[in-house]
Amino acid sequence: MTKKRVGVLISGRGSNLQALIEAAKAPDYPAKLALVVSNVAGAQGLARADDAGIPTQVVDHKAFASRPGFEAVLDEALHGAGVDLLCNAGFMRLLTEDFVTRWLNRHLNIHPSLLPAFKGLNTHARVVEAGAKITGCTVHFVRAAMDDGPIVAQAAVPVAPDDTEDSLAARVLAAEHKLYPHALRLVASGDVRVEGEHVVGISRPEGENALFSPPLPGTL
Ligand code: GAR
């Protein structure tokens, strides 16, 4: 098996990066983390990559007058590391249409909601405010619009009546850490592909897999 070489883009904590690092330790995992790039110097995720022996680079967007200038250096770093697939993991910069086109269908993002609901920032506070009963997380191929693009995988997470932004964020994050390695495996193995802006090739789960919140009577 030839493992896909993956570049991970981060801006901060890097807990999803850590989940990918752990998954990639399995001999049969179809991806190897080749480079971690942060647009923020000192991001916690950089230390996680160092500990795992993964090369890192900081490309600080503030050092560039324009987005294309920033992205040219980013591209150079990724190509220098022989990256085949790109994963945003808490990477909080919008990318230009040109960059997105260069990495089209080779570039994933994770977002902490069931897209297309609750795109953007402060997701969990808005979910709580809306009184939603189920939320979740999504891994999708990147398009130029924020948190937009063909969906690879989603996990549903119930919202508890007494949830705060923080308690909900923690529950969703635990699901993110399972979902991202799963989605990257599907993409890196070539099991799924994009057709007409939908991801196809995923076998349908067997049986009744709906998550009800509140639970159906008799299922507690
Ligand atoms: C994660 O919850 C991720 O889904 C979110 O940022 C957090 C990063 O945490 N991403 C977005 O909101 C993208 N729109 P991490 O740095 O610990 O992985």
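Scanning region 140-184 for residues being over 25 Å from Ile21 (Cβ atoms) and among the β-branched types (Val, Ile, Thr) gives a total of 2. Residues that are within 15 Å of the ligand (Cβ to nearest atom) and within 17 Å of the chain's Cα centre (by Cα) number at least 3 in the following helices (runs of 4 or more DSSP H) confined to region 1-100: 15-23, 44-51. Does Asn122 qualify as being open to solvent by 40 Å² or more (accessible area, probe 1.4 Å), of a type outside the set (Ser, Thr, Tyr), touching a residue at least 60 places away in the same chain (Cβ under 8 Å) and at positive phi? Here the answer is no, as Asn122 does not meet what is asked. Consider region 139-163 and keep the residues that are assigned to a strand (DSSP E or B) and out of contact with any Ser or Thr (no Cβ under 7 Å at 6 or more places or on another chain). The one that is most open to solvent (accessible area, probe 1.4 Å) is Ala156. Restricting attention to region 164-181, the residues that are surrounded by 15 or more Cβ atoms within 10 Å (Cβ to Cβ), without any contact (Cβ under 8 Å) to a residue 40 or more places away in the chain and of a type outside the set (A, V, I, L, M) total 1. Considering region 4-25, the residues that are surrounded by fewer than 16 Cβ atoms within 10 Å (Cβ to Cβ) and touching a helix residue (DSSP H, G or I) at 6+ places or on another chain (Cβ under 9 Å) include one that is farthest from Ala183 (Cα to Cα), namely Arg13. Comparison of Leu108, Leu114, Leu86 shows that the only residue that is more than 27 Å from Glu165 (Cβ to Cβ) and touching a strand residue (DSSP E or B) at 6+ places or on another chain (Cβ under 6 Å) is Leu86.
The values are calculated or read from the model by the stated rules, or taken from the named source; none is laboratory data. Since we're looking at a predicted model, the values are computed, not measured. Glycine also receives a Cβ, built like all others from the backbone with ideal geometry; neighbour counts cover every protein chain displayed. Surface accessibility is based on the protein's heavy atoms, side chains included, excluding ligands, DNA and RNA. Shrake-Rupley method; radii C 1.70, N 1.55, O 1.52, S 1.80 Å.
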